[in-house]
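Read-outs: derived from the displayed coordinates by stated rules, not from any lab. Predicted model only: the values in this text are computed from it and were never measured. Here Cβ is always computed from backbone atoms with ideal geometry, including for glycine, and neighbour counts include all displayed protein chains.
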Amino acid sequence: MERGYRVIYDKLLDYYGPQYWWPADTPFEMMTGSILVQNTNWRNAAKALNNLRTYLDPELIARMPVEELAGHIRSSGFFNIKAKRIKAFMEWFGSYDYSVREASKAGKDQLREELLAINGIGRETADVILLYALDKPVFVVDAYARRIFYRVGFNMPKSYDAFRKKVEEAVPGDLQLHNEFHALIDEHAKAHCKATPICEGCPLFNFCDRRLD
């Protein structure tokens, strides 16, 4: 099974090249963006980040009234809810003096537990933050990963954590691999493995069972 995961990774990397994710200038911008992109596309989240750019400092946002924050991020959708989630996230980040370096000193399991305790931070968002801001090797399970792995022919667990652990156990401990893997899966799902797939030219074509039901 390890070989199967590595075949997917290697073929996607060879086809698309390194993705240099996450698309943000700083770890704090990345973490904020991971909340803004919930239930929307990156284009809308990026607009909200751009509107917020003058204030992209954790201490400024921590002091900002939630109503003002919501006004800056309207383009992300569900902006009142997301403003409250960002404020809740700031409370957690403040416990590490708003320092990514300090937070990164904690273990992956501890950080994941803490992030999941924050209102509005689910497993996918927590793992994205762990991977792209806090440099913890973790496989991010999203709808694209489920779609691609199913179509290729892998029978993956339904639960998020069981799916994640299955991949991590097969390809353990490699931060750079998991960093690229998630980005490559995202790119492939947009370019070829769409809801209605474009199989012609697909880099996984000869490896794929093409389960489309």
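Using the alpha-carbon atoms, what tilt in degrees (0 to 90, nearest 10) does helix 27-36 show relative to the longest principal axis of the chain?
Computed tilt is about 80 degrees.
Exactly which trypsin sites (Lys or Arg not before Pro) in segment 111-161 are in a DSSP loop and have at most 10 other Cβ atoms within 10 Å?
Qualifying residues, ordered by number: LYS158.
List the GluC sites (Glu not before Pro) within segment 150-200 that DSSP assigns to loop and that have no more than 15 neighbouring Cβ atoms inside 10 Å.
Passing both the DSSP loop test and the Cβ count: GLU200.
Just from its helices, what would the mean residue ellipticity at 222 nm be for the chain, if runs of 4 or more DSSP H residues each count -39500 (n - 2.57) and the sum is divided by every residue, rounded to the nearest 500 deg cm²/dmol?
My calculation for the chain gives -18000 deg cm²/dmol from helical runs alone.
Looking at the square roots a ≥ b ≥ c of the eigenvalues of the Cα gyration tensor of segment 61-197, which shape do they give, rounded for a/c under 1.5, prolate if a/b is larger than b/c, or oblate?
Numbers: a/c = 2.39, a/b = 1.44, b/c = 1.65.
Oblate, since a/c reaches 1.5 and b/c is not below a/b.
Distance check, please: which entries in LYS105/LYS190; LYS108/LYS166; LYS158/LYS190; LYS11/LYS105 exceed 28 angstrom between their Cα atoms?
From LYS105/LYS190; LYS108/LYS166; LYS158/LYS190; LYS11/LYS105, over 28 Å: LYS105/LYS190; LYS11/LYS105.
How about segment 2-33: which chymotrypsin sites (Phe, Trp or Tyr not before Pro) there are in a DSSP loop, with at most 11 other Cβ atoms within 10 Å of their Cβ?
TYR20
Restricting things to Cα coordinates, could you compute the convex hull volume per residue of segment 27-132 in Å³? List each step's numbers first, then the result.
Numbers: hull volume 9.0 nm³, N = 106.
Value for segment 27-132: 85 Å³ per residue.
Arrange ILE8, ILE198, ILE118 by Cβ neighbour counts within 10 Å, fewest through most, would you?
Result, fewest neighbours first: ILE198, ILE118, ILE8.
Return one number: the angle in degrees, 0 to 90 and rounded to the nearest 10, between the long axis of the Cα atoms of helix 143-152 and the longest principal axis of the Cα atoms of the chain.
Rounded to the nearest ten degrees, it is 10.
Tell me, how many Å apart are the Cα centres for segment 14-29 and for segment 141-186?
18
Rounding to the nearest 10 and keeping the result within 0 to 90°, find how far the Cα-based axis of helix 160-170 lies from the longest principal axis of the chain.
60
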